[in-house]
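Chemist: The structure that follows is given in the form of structure tokens.
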Amino acid sequence: MTLNEIKSGTAMPLSSPYFNKGPFEFRNREYLIISYETDVEALRRVVPEPLELDLDNGPIVKYEFIKMPDSNAFGGYEESGQVIPVKYNGKKFGYTHAMYLDDVAPIAGGREIWGFPKKYAHPHLRLDSVTKDCIIGELKYGELEVARATMGYKWQALDKAKIAESMKGDNILLKYIPHVDGTPRICELVQYNLSDITVKEAWTGPVSLELFAHALAPVADLPVRRVVGGVHYTADLTLGLGKVVFDYLK
């Protein structure tokens, strides 16, 4: 392997990488997103400086279940996690606090390229097989359930244009990769955005959310105080590459 071949590589392992250079397109990506109020102090413990909490609508967390049946490079998988509204330099962002998914390729790619806080677990988004009238989101870490959401299935249609506009918002991550001696080699805030968005359908309805304590999947550290509402929608989109907006090491 020549020097030029090494420098033009894609990812680890260099001789057989887990993913390619994209574009990272997703088709029929299905979301169930529950907005809920939590404790302000709990949010302050997990949101990194210099980000500030966006409390314009209260201490809100968005709990997400996402099914991705068809994506370039990463295949088909499911995901679950928490997004916190924040501000940076007066601008609003969604800060991705935690993500759990069931596929190694997007775990590796998400962490290495953007800095997504991804861990291996077992999320599942499905229609209730018995009643047929309820969509269920469930997250298991190992053998234990750590999150459960329900929503009445397609009760009330939402404006697809408004959902698409909300998806165009700015998102931010804390990317941390250690050096070989364990000290930080990369420590930065990364912004990313979605593009080529087509919302195919969007719904809301009665909704519930429960979070359960787990030492290694601490979603319940942001406890549910009041469920605000939820949305269920399907969309095609492209996940754009990131840009560094703050470097902790400089």
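Throughout, read-outs are computed from the coordinates displayed, never taken from laboratory work. Because the structure is predicted, anything quoted here is derived from the model rather than measured. Backbone-built Cβ (ideal geometry, glycine too); neighbour counts: all protein chains shown.
Chemist: List residues of segment 147-183, by number, whose backbone nitrogen lies under 18 Å from a label position 7 Å along Cα→C-beta of Ser195.
Modeler: The answer is 164-172.
Chemist: From the P(r) of the chain, can you give the percent of Cα pairs sitting at distances over 34 Å?
Modeler: 15 percent
Chemist: If the chain between Asn4 and Lys162 were fully stretched, how many nm would it gain, using 0.36 nm times the residue separation less the Cα-Cα distance?
Modeler: Result: 52.2 nm gained on full extension.
Chemist: Could you order the peptides 95-103, 191-199 from most to least packed, using the average number of other C-beta atoms within 10 Å per residue?
Modeler: Those peptides, ordered most packed to least, come out 95-103, 191-199.
Chemist: Could you tell me whether segment 91-166 comes out rounded, prolate or oblate from its Cα gyration tensor? Rule is a ≥ b ≥ c as square roots of the eigenvalues, rounded for a/c under 1.5, then prolate if a/b exceeds b/c, otherwise oblate.
Modeler: Because a/c hits 1.5 or more and a/b fails to exceed b/c, segment 91-166 counts as oblate.
Chemist: May I ask you to list the residues of segment 185-217 whose amide nitrogen lies under 16 Å from a point 7 Å from Cα along the Cα→beta-carbon direction of Leu14?
Modeler: Of the residues in segment 185-217, none has backbone N under 16 Å from the label point off Leu14.
Chemist: Oh, and also: With +1 on each Lys and Arg Cβ and -1 on each Asp and Glu Cβ, how big is the dipole of segment 115-250 about its Cα centre, in debye rounded to the nearest 20?
Modeler: Magnitude of the dipole: close to 100 debye.
Chemist: Apply the Debye scattering formula to segment 141-250, with a single equal point scatterer on each alpha-carbon and no solvent, then give log10 I(q)/I(0) at q = 0.13, 0.21, 0.23 Å⁻¹.
Modeler: Here the Debye-derived log intensity ratios amount to -0.80, -1.12, -1.12.
Chemist: How big is the convex hull of the Cα atoms of segment 23-64, per residue, in Å³?
Modeler: Enclosed volume per residue, from the Cα hull, is 117 Å³.
Chemist: Where a Cα-Cα gap under 21 Å defines reach, which lysines qualify for Lys91, not counting those fewer than 8 residues away within the same chain?
Modeler: Cross-link targets: Lys62, Lys162, Lys168, Lys175, Lys243.
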